[in-house]
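Notes follow the structure.
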Amino acid sequence: MHTSRPLRTLPRLACLSLALCALSAQADTLSEAPVETTSCTPAPITREIVWEAGSSREISGTYRVPAGTRLTIQAGATVRFRDGSLSVKGALVIAGKDEAPVLLTTAYPTRGMADADIVRWEGISIFDEATVQIDHANILYAGTPDPYTPFSSAISVYSDCGFVMNNTALKYSQRGGVLFSSSHGGQSPAHRIANSTISHNTLRGLSIFGDYVHVEDSEIADNGTHAVWINLLNTYHGRRSKFNGNDIVGNRGGGIYLQLNAGIPLTQQPSGHRNNLVDNGDDGSAQIDMYLQYGSVFHPWGVVSDIDGDNDLVDWSDNYFGGPFYPQQCPLAYSVPPLLGPGGRMPPLVHLSPDSIPNPCEKPEQGPAAQKTYDQAVPVSVCEDRAIYCAVNRIKVTPHAETPFLR
């Protein structure tokens, strides 16, 4: 049962200073570009299915919830899947309680088994205009390996009508945790995860492709690759993903990975504040990475479009980055990689070395670069007399919190 989220080694502090508290409040009210939500008209519910409180059942194969049907799983129910899955096109309500969570798990043995030998169930897939509300559940061992779909997850959200998960533990998938990739891209009325744990999954904790999610007061920990992977193309016109007040800890591939198109308005770029990002990456120093795309070219920590002032940055300030970390994707721009730590500052900006990283411009000059150079948003395909720069200050990571946040 998911209750509290003790962070393994992090004593928490409520708020670090009046100035930092004020900054946090300001971050929460950052204006966003207006986004028209999808006209979501689920089929009227004409059939109710209830799996009673405290009941136990086993599912083989795919259990389908068609449009017009609502499946409610009441508190304390246990559902075991034998090579099975849930496919939802109607409505799914998992209504657990703190003292009686719902359990969804494999029907095969788990006790005393090596992780690789445990037979998983397929997981939950959410389609069309389905709606899903999950409260107080333990969703375990969902998601079998799928070599043809590297971003497959225990829960795959393709619906435009909303996915909400509260007070839930999602663990031990041989895929990722949750995938968001709805057809209208970021215009769903609600994609939200709160007070939940997504951990010990073989791949990513969360994968967001042309979509969005708000995640708050949750733990994303000990996943096999990244905690969060976000990919947004220049066609994205949806809502901003927000990550506030989370513990992002011990994910092997890294913490936050942002792969963004430079043409997306800054008000729709993902942001995060008051998170504890600690010990992510193989060496514990990959808390956050960002690529910016110009045309078909991705560049690490690239220049964001429409820069007209100091505040035009992809904003991941006011977080605690536990221990030192590097702008990992751009180490070759420095003779000594910049070592950042709690409260640290970004190093001086320098040109990329054409000998180290392929560059469409001819022979960019070496050495320190003037700050004003980085305030010009020029697509890399229009180089002319400009070089390609590793503009590490296009993502805002300072000010840092100097001590972990207390939950």
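Only the coordinates and a few stated rules stand behind these numbers; no lab work does. Note that the coordinates shown come from a computational prediction; the quantities given were computed from them, not determined experimentally. Using ideal geometry, Cβ is built from the backbone for each residue, glycine included, and neighbour counts are taken over all protein chains shown.
Summary of computed values
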item: Exposure proxy ranking, count of Cβ atoms within 10 Å, fewest first, for Leu266, Leu258; result: Leu266, Leu258
item: Inter-site label distance for Thr62 and Met113 at 7 Å from Cα along Cβ, in nm; result: 2.3
item: Exposure proxy ranking, count of Cβ atoms within 10 Å, fewest first, for Trp51, Trp229, Trp316; result: Trp51, Trp229, Trp316
item: Nearest-0.05 FRET efficiency for Glu216 and Cys40, computed from C-beta distance (R0 35 Å); result: 0.95
item: Local electrostatic count, Ile49, Cβ distance below 14 Å [Lys/Arg +1, Asp/Glu -1]; result: +3
item: Point-to-point label distance, Ser55-Leu233, nm (Cα→Cβ direction, 7 Å offset); result: 4.3
